[in-house]
């Protein structure tokens, strides 16, 4: 049985795809490339690497459905997910092999280093991209799709790993803004279709923040704190907006105090509460 399948969703990635596929060549036994409408040489490149190339109808935007199409075609016991503008760090190969050999019911967070084309610095985030190939492990979310929930629902764990991927994205700020607005429309459609799915709110706030639409981001942060009253992190982020972007020191104090009540010793909340106190003192 094949050990590891790489699963990707792509569109017009002739410039990035070879570099991505080269980075996993020593590891992946199977390459699954789901294509949402390429008009360049993406198909030819994927086939040259021996990938299964799967055209996918993307007339209704749904990245989870596209990813799940690839998962359903994979034969490998484990799945590694990358985007075309990402590469696997060469030092990660033995770690991937080790985790696949352990064969635990767990999804693994990879450390992603994000760098735009006009910047020498990278910011880091963590994404679940390595997990067992099981029928119940499926993505959800038309945009900002995640698999975390289905892994947990199937009794699995989510664990950090030392695996690093590098994400080099285009520096075209206007294109980024268009994508932000596009995602906002889709997220609003998802929320309207299922108001009980609070996970979409986090992504909506992030899109508004990236557009520097801080009033809208603050409103969503406040909504998140209301629907998750026991989530210290939700109160912390609401407080951050009330302190830094939509100044209201009384509300910021209440948010940070609530975060600390729910998570005593929460270091970021303690630090920001001290900042609130300093500003209150300055305003006297």
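The values are calculated or read from the model by the stated rules, or taken from the named source; none is laboratory data. Model, not experiment: these values are computed from the prediction. Positions of Cβ are generated from backbone atoms using ideal geometry, with glycine treated the same way; all protein chains shown enter the neighbour counts.
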Filter result for the condition that a residue is closer than 29 Å to residue 185 by Cβ and touching a helix residue (DSSP H, G or I) at 6+ places or on another chain (Cβ under 6 Å), over 56, 63: 56
Residue that is modelled with the lowest pLDDT, among those in segment 137-177 that are part of a loop (DSSP other than H, G, I, E, B) and over 15 Å from the mean Cα position of the chain (by Cα): 171
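May I ask you to list the residues in segment 123-136 that are surrounded by fewer than 14 Cβ atoms within 10 Å (Cβ to Cβ), in a strand (DSSP E or B) and at pLDDT 95 or above?
126
For segment 194-284, list the helices (runs of 4 or more DSSP H) that sit wholly inside it and hold at least 1 residues that are within 24 Å of residue 176 (Cα to Cα); which are they? Before you say what the answer is, go through the steps one by one.
Details: elements: 199-210, 214-227, 232-240, 249-262, 267-282.
Those helices (runs of 4 or more DSSP H) span 199-210, 214-227, 232-240.
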Test: residue in segment 13-20 that is at pLDDT 95 or above, in a helix (DSSP H, G or I) and out of contact with any helix residue (DSSP H, G or I) (no Cβ under 7 Å at 6 or more places or on another chain): yes
Residue that is farthest from residue 31 (Cα to Cα) [pool: residues in segment 82-92 that are out of contact with any helix residue (DSSP H, G or I) (no Cβ under 7 Å at 6 or more places or on another chain) and outside any helix (DSSP H, G or I)]: 89
Given (1) surrounded by 14 or more Cβ atoms within 10 Å (Cβ to Cβ); (2) at pLDDT below 95; (3) assigned to a loop (DSSP other than H, G, I, E, B), number of the condition residue 120 does not satisfy: (1)
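This table checks each residue for (1) in the same structural domain as residue 107 (by TED's automatic domain parsing); (2) under 22 Å from residue 231 (Cα atoms); (3) out of contact with any helix residue (DSSP H, G or I) (no Cβ under 7 Å at 6 or more places or on another chain).
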{"residue": "134", "(1), (2), (3)": "yes, no, yes"}
{"residue": "142", "(1), (2), (3)": "yes, no, no"}
{"residue": "146", "(1), (2), (3)": "yes, yes, yes"}
{"residue": "151", "(1), (2), (3)": "yes, yes, yes"}
{"residue": "165", "(1), (2), (3)": "yes, no, yes"}
{"residue": "194", "(1), (2), (3)": "no, yes, yes"}
{"residue": "199", "(1), (2), (3)": "no, yes, yes"}
{"residue": "206", "(1), (2), (3)": "no, yes, yes"}
{"residue": "209", "(1), (2), (3)": "no, yes, no"}
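Each row is one residue, and each column tells you yes or no for (1) surrounded by fewer than 18 Cβ atoms within 10 Å (Cβ to Cβ); (2) assigned by TED's automatic domain parsing to the domain that holds residue 23; (3) over 23 Å from the mean Cα position of the chain (by Cα).
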residue	(1), (2), (3)
45	no, yes, yes
51	no, yes, yes
58	yes, yes, no
65	no, yes, no
72	yes, yes, no
82	no, yes, no
86	no, yes, no
89	yes, yes, no
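Is it the case that segment 191-201 has a residue that's within 24 Å of residue 277 (Cα to Cα) and either surrounded by fewer than 21 Cβ atoms within 10 Å (Cβ to Cβ) or touching a strand residue (DSSP E or B) at 6+ places or on another chain (Cβ under 7 Å) (or both)?
At the first step, the residues of segment 191-201 found to be within 24 Å of residue 277 (Cα to Cα) are none.
No: segment 191-201 contains no residue that is within 24 Å of residue 277 (Cα to Cα) and either surrounded by fewer than 21 Cβ atoms within 10 Å (Cβ to Cβ) or touching a strand residue (DSSP E or B) at 6+ places or on another chain (Cβ under 7 Å) (or both).
Suppose the filter is part of a helix (DSSP H, G or I), crowded, with 17+ Cβ neighbours inside 10 Å, on the phi < 0 side of the Ramachandran plot and touching a residue at least 24 places away in the same chain (Cβ under 8 Å); does residue 95 pass it?
Working: part of a helix (DSSP H, G or I): yes; crowded, with 17+ Cβ neighbours inside 10 Å: yes; on the phi < 0 side of the Ramachandran plot: yes; touching a residue at least 24 places away in the same chain (Cβ under 8 Å): yes.
So residue 95 passes the test.
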Qualifying residue in segment 4-16 (condition: touching a strand residue (DSSP E or B) at 6+ places or on another chain (Cβ under 9 Å), more than 19 Å from residue 165 (Cβ to Cβ), loosely packed, with under 15 Cβ neighbours inside 10 Å and assigned by TED's automatic domain parsing to the domain that holds residue 111): no
